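A short reminder: the numbers here are calculations on the coordinates, not readings from a lab. None of the values given here were measured: they were computed from a predicted structure. Don't worry about glycine lacking a Cβ; one is built from the backbone with ideal geometry, like all the others, and counts go over all protein chains shown.
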Amino acid sequence: MNKRKLTLGLLAISLLMATWVGSRLWAGKTNIYTSLETFQRVLQITRDTYVREVDLDSMVRDAMNGMLRELDPYSMYMSPKDFESLNISMQGEFGGLGITIAIADDWLTVISPLEGTPAAAAGLQAGDRIVEIEGESTEGITADEAVSKLRGKPGTDVTISIWRNGWDEPMELTITRAIIKLNAVNYVTKLTPEIGYIKFSKFSRTAREEVEEAIDSLFQQEGVKKLILDIRGNSGGYLGEGVDVTDLFLKRDREIVQTRGRIPQSFRAYRAHEDPLFGDYPLVVLADRGSASAAEILAGALQDWERALIVGDTTFGKGSVQTLYPLADSGRLKLTTAHWYTPSGRCIDRHRAKIEGKENETPTLHTLGKRKRLLYAGGAIAPDIYVETEKLSELARRFWIKRTFFAYAVDYLSANPEIAPDFSVTDEMLAGLVREARKREVEFTDAEFEETKKQLRYYLRLEIARQKWGEEGRYQAILAEDPVLKKALELLSETESTAELLGYAQ
């Protein structure tokens, strides 16, 4: 009898629970239906009675993006045109500025200018805010909307206003669009008899092939025994390419990255499926604020497994998975469905860390090799060795605005066509640069000039080298004075093994 009563009691409780859950679900549906009905009514009234005719399609798109923007900076509605542009940017050629952008604190922000593009030539830097495009504010704009405004027919101009930390007011620039070719590897060279260098700028569909070819040429043909992989300004790309490139450096079966989300399908671990090329040679990875997305997968995995020493600055902190869902209008819903975690368990995404209040938490995780070094889990990848990159001075900025370096370099090369690659910028050349600046109404004092002379000399050398020998000449000029690279060379020159190299980690 007691057993029967217990069974009936449990049945009654189950029925009550089912009724309660059903009522909650119905209430939730009723709220959604009521909200959608209200939204439709607002659209109808606006269409019929607003003071001027409105574009309802545009209003609906704005409403969708406004809703998605409340979630994170990367979830958005993509029109068919936006989706086509996304595919082009990852695998083809297009007319544009050569700039990688993201939304940060509701503003359009430069992650990095691509090497050898109009954006790079104009002096744009990681962290710059593009506050206006053709006179219209970018506050609240989506990255894809910005892309559609910045791209266009090669040879046409676009005017933007940028603001940089420390500036009193924005700077307006008019930049001419050009054909942008998306090479993954920009520059490969042998720095010393034992040390090779690879400038790796993008995780496009050909990234693994290009990086593998570069490593093979350095080790097989040039005979190097140590490597510097430069991912500064590398804004990332496909998750698959990030995994495949990292696979070139890690032992088989070692985890590269995990994805974790709310639904079971979002949980996945990616592992190395091949043995590393040329074994366990000393490897330094150069990173900075412009290193993002798949570049952070690479840096995080190599740091966690104690495979490489990370030198430079903390990365951008874009560590999330966006899934594309097809829509009836041939557009796409781009929705964040998971976050990336390094093998040690660090979440790469800085936005999530900020929301969860973990930006400044004490280190609790550690590397997975013998050293077991403590790691922060506050988003992004912090370097093992921090090297500050010199910021563009206010006077150099004014020279850039007025195209002083460019104009003087044109005149100088016209008068000195036989200049040698190892040239130095003399005081006489600097005096000529000053005259050009005065002619272009750049205002500055003698004290400002003396304080900034070293930086002006550096940027003039870069511009002359670029105009005379192209991007290869510019790279050679940069590498000759790059403090981050110099630090990497110093460390590699004093070590013969990965274990020795990692001993320098701070």
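Sites listed here are GluC sites (Glu not before Pro) in the stretch 203-297 whose DSSP assignment is loop and whose Cβ has at most 12 other Cβ atoms within 10 Å: 274.
Judged by the gyration tensor of its Cα atoms, with axes a ≥ b ≥ c, the stretch 94-157 is oblate; a/c meets the 1.5 cut and b/c is at least as large as a/b. Along the Cα→Cβ direction, 7 angstrom out, place labels at residue 323 and residue 389. What is the inter-label distance in nm? Each label point lies 7 Å from its Cα, and together they span 3.4 nm.
Mind giving me the FRET efficiency for residue 374 and residue 263? R0 is 30 Å, r the Cβ-Cβ distance, nearest 0.05 is fine. Between residue 374 and residue 263 the formula returns 0.40. Once backbone amide H atoms are built at 1.01 Å from N, residue 225 has 195, 196 as its partners under 5 Å, excluding neighbours fewer than 5 places away on the same chain.
Here the Karplus curve 6.51 cos²θ - 1.76 cosθ + 1.60, taken at θ = phi - 60°, turns the phi angles of the stretch 185-192 into couplings of 9, 9, 7, 9, 7, 9, 7, 9 Hz, with x standing for Gly and Pro. Modelled spin labels at residue 506 and residue 136, positioned 7 Å past Cα toward Cβ, are 4.4 nm from each other. Sorting the segments 44-57, 478-491 by their residues' average number of neighbouring beta-carbon atoms within 10 angstrom, most packed first, yields 478-491, 44-57. Each of 175, 155, 277 was scored by the projection of its Cα onto the charge dipole of the chain, and the greatest displacement toward the positive side belongs to 277; charges sit on the C-beta of Lys, Arg, Asp and Glu. Taking square-rooted eigenvalues a ≥ b ≥ c of the alpha carbon gyration tensor, is the stretch 305-344 rounded, prolate or oblate, where a/c under 1.5 means rounded and, failing that, a/b exceeding b/c means prolate? Prolate. Report the far tail of the P(r) of the stretch 154-274, meaning the percent of Cα-Cα pairs longer than 26 Å. Pairs farther apart than 26 Å: 43 percent. Each label point was placed 7 Å from the Cα along the Cα-to-Cβ direction; for residue 271 and residue 439 their separation is 6.6 nm. Cross-link pairs exceeding 22 Å between alpha carbons, from the set 225/468; 225/487; 226/468; 402/486: 225/468; 226/468; 402/486.
Between residue 205 and residue 333, full extension at 0.36 nm per residue minus the direct alpha carbon distance yields a gain of 43.9 nm. Counting only Cβ charges, +1 for Lys and Arg and -1 for Asp and Glu, the dipole size of the chain around its Cα centre is about 2240 debye. Straight-line reach from residue 372: taking Cα to Cα under 14 Å and skipping same-chain neighbours fewer than 8 places apart, the aspartates and glutamates in range are 304, 306, 384. The residue among 314, 410, 300 whose Cα reaches farthest toward the positive pole of the charge dipole of the stretch 281-427, with charges on the beta-carbon of Lys, Arg, Asp and Glu, is 300. At full extension, residue 40 and residue 54 could sit 3.6 nm farther apart than now, given 0.36 nm per residue minus the alpha carbon distance. Ordering 181, 468 from the fewest to the most neighbouring beta carbons within 10 Å gives 181, 468. If R0 is 22 Å, the Cβ-Cβ spacing of residue 410 and residue 476 corresponds to a FRET efficiency of close to 0.65.
Each Lys or Arg adds one and each Asp or Glu subtracts one; over the other residues with Cβ under 13 Å from the Cβ of residue 159, this totals -3.
Only helices enter this figure: runs of n ≥ 4 DSSP H residues, each worth -39500 (n - 2.57), summed and divided by the residues of the chain, yield -13000 deg cm²/dmol at 222 nm to the nearest 500. Which residues in the stretch 223-265 have a backbone N closer than 16 Å to a point placed 7 Å from the Cα of residue 190 along the Cα-to-Cβ line? Answer for the stretch 223-265: 223-228.
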